[in-house]
Amino acid sequence: METQKKAYDLLDGNKGAVVALNPKTGEVIALVSRPSFDPNDLQNTWQQLNQDKTKPLLNRATAGLYPPGSTFKTVTAVSGLENISGIQNRYFQDNGELPLGGGYSLHNFAGEVLGSINFKQAYTHSSNAYFGSLGIELGNDRLKQTAEKFFFNKEIPTDGIPVEPSKFPTLKSYEKGSIAQSAIGQSSDLASPLQMAVVTSIIANGGVMVKPHLVSDVVTSNGEEVKNIQAEQIGQIISSDTANTMKDLMRSVVESGTGTNASVEGVEVAGKTGTADNQSQGTDSTPHSWFIGFAPYDDPQVAVAVLVENGGQGGKLAASIASEVIRTALRK
């Protein structure tokens with residue numbers, strides 16, 4: 001309750017969502033969507049809520065689909081580790097952009113030039129040039145296969161939580177620009193905050209997915225237990241070695257990369273930021289702010305996904321919200 005309320009309050013004045021899961025049990029710690037509504041007076045407010053342009057009836061946490069931006073580099077990184085031998089030891093020259101032909105280039109955020117970087121540095125500092133290039137090397141088939149292991153293009157198995165399936169595109173081999181964009185969470189990639197919380201949970205839990213569930217016990221009015229809902233493993237989604245490598249990368253993001261605002265004193269937080277370009281009525285609008293992460297690093301108890309519509313840089317607003325949600329969930 002405390003974490004739910006904190007997440008709700010932190011989103012005040014913004015459209016967005018926060019999802020917090022226990023990666024070991026699948027328990028939903030918080031599931032928040034704003035703007036919200038009072039369900040106690042629907043008879044009188046139903047028409048007004050339906051006409052409200054801010055869409056308070058849309059559960060953004062489970063049914064809101066957004067470009068995931070650089071949080072998706074987590075999936076691309078997993079695909080690289082699984083499909084390209086020795087990828088961690090290779091260096092890449094980051095000149096701030098990746099030429100894609102036809103006068104079009106994929107640019108790093110704010111035109112940052114990172115120089116000679118390896119796999120870990122590219123993830124830590126969120127190089128679009130590196131991950132766009134990696135996406136082209138992997139190709140659409142392999143990248144899509146990895147995304148679908150994480151339940152993109154499928155229904156996420158949950159215990160009674162309806163979730164809109166997230167989307168990863170099928171692209172032709174010659175669509176290099178779109179393949180590069182899809183590897184950095186753009187193109188026609190779309191994900192719900194719950195989807196990205198599940199990705200994070202799988203990594204935090206050593207590659208094993210546990211079914212998300214809202215209810216742990218059903219009791220009578222006298223307090224007698226009718227039903228106890230146990231943690232239910234879906235399976236080993238990625239290898240424990242790949243998960244451990246990703247945990248290390250995500251720790252580096254919060255320690256020294258784009259996600260330092262997600263830090264919590266006395267707790268080792270790991271995560272990934274995302275700044276997702278999007279359009280409103282055909283014109284570019286302020287990017288969506290994303291952060292996914294988990295804590296503590298050595299013994300993960302909470303995995304979070306934060307999405308703030310048009311919130312700007314992910315390393316700022318979303319990461320700061322995530323820090324407070326993690327702090328509250330861990331009672332720090």
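The values are calculated or read from the model by the stated rules, or taken from the named source; none is laboratory data. These figures come from a predicted structure and were not determined experimentally. Glycine gets a Cβ as well: all are built from the backbone with ideal geometry, and neighbour counts include every protein chain shown. These accessible areas exclude ligands, DNA and RNA; they are computed on the full protein's heavy atoms, side chains included. Shrake-Rupley method; radii C 1.70, N 1.55, O 1.52, S 1.80 Å.
Near the amide H of TYR66, under 5 Å away, which other amide H atoms are found, from residues 5 or more places off or on another chain, if H is placed in the peptide plane?
Here the answer is ALA191, SER192, since their amide H atoms fall under 5 Å of that of TYR66.
Sort 7-17, 236-246 by the packing proxy (mean of other Cβ within 10 Å over each peptide's residues), most packed first.
Peptide ranking by packing, descending: 7-17, 236-246.
Let's test this: bin the Cα-Cα distances of the stretch 1-84 at 5 Å from zero up to the farthest pair and state each bin's percent.
Pairs per bin, as whole percents: 3, 12, 16, 18, 19, 14, 8, 6, 3, 2, 1, 0.
Any idea of the accessible area per residue across the stretch 191-332, 1.4 Å probe, to the nearest Å²?
Numbers: 5740 Å² over 142 residues.
So the stretch 191-332 comes to 40 Å² accessible per residue, rounded to a whole number.
Can you give the calculated 222 nm mean residue ellipticity of the chain, where each DSSP H run of n ≥ 4 adds -39,500 (n - 2.57) and the sum is split over every residue, rounded to the nearest 500 deg cm²/dmol?
That comes out to -10000 deg cm²/dmol.
So, for the stretch 99-183, what is the accessible surface per residue at a probe of 1.4 Å, expressed in square angstrom? Walk me through the numbers before you get to the answer.
On the way: 3870 Å² over 85 residues.
Value for the stretch 99-183: 46 Å² per residue.
Debye sum, Cα scatterers, the stretch 79-141, no solvent: what log₁₀ I/I(0) at q = 0.17 1/Å?
-0.56
Between their Cα atoms, which of LYS55/LYS227; LYS144/LYS316; LYS73/LYS247; LYS167/LYS211 are more than 25 Å away from each other?
LYS55/LYS227; LYS144/LYS316
With a 1.4 Å probe and every protein chain left in place, work out the accessible area per residue of the stretch 16-79 in Å², rounded to a whole number.
On the way: 2710 Å² over 64 residues.
With the other protein chains kept in place, the stretch 16-79 gives 42 Å² per residue.
Which helices of the chain meet both criteria: a Cα extent of 20 Å or more along the helical axis and a mean Kyte-Doolittle score no lower than -1.0, with helices taken as whole DSSP H segments? List each step's numbers first, then the result.
Details: long enough: 128-149 (24 Å, -0.68); 240-256 (24 Å, -0.49).
Helices passing the filter in the chain: 128-149, 240-256.
Considering only C-alpha atoms, what is the centroid distance from the stretch 133-207 to the stretch 63-103, in Å?
Rounded to whole Å, the Cα centres lie 12 Å apart.
Straight-line reach only, C-alpha to C-alpha below 17 angstrom: list the aspartates and glutamates that LYS6 could link to, leaving out same-chain residues fewer than 8 apart.
Leaving aside aspartates and glutamates fewer than 8 places away in the same chain, those within reach of LYS6 are GLU324.
Return the distance in nm (one decimal) between the two label points of a simple spin-label model at ALA231 and GLU155, each offset 7 Å from Cα along Cα→Cβ.
So the two model labels end up 2.5 nm from each other.
Please give the peptides 23-36, 209-222 ranked by average Cβ packing (other Cβ atoms within 10 Å per residue), highest first, as a rough proxy for protection.
Highest-to-lowest ranking by the protection proxy: 23-36, 209-222.
When the accessible area of the chain is split by element with a 1.4 Å probe, what percent falls to carbon and sulfur?
About 44 percent, which is the carbon plus sulfur part of the accessible surface.
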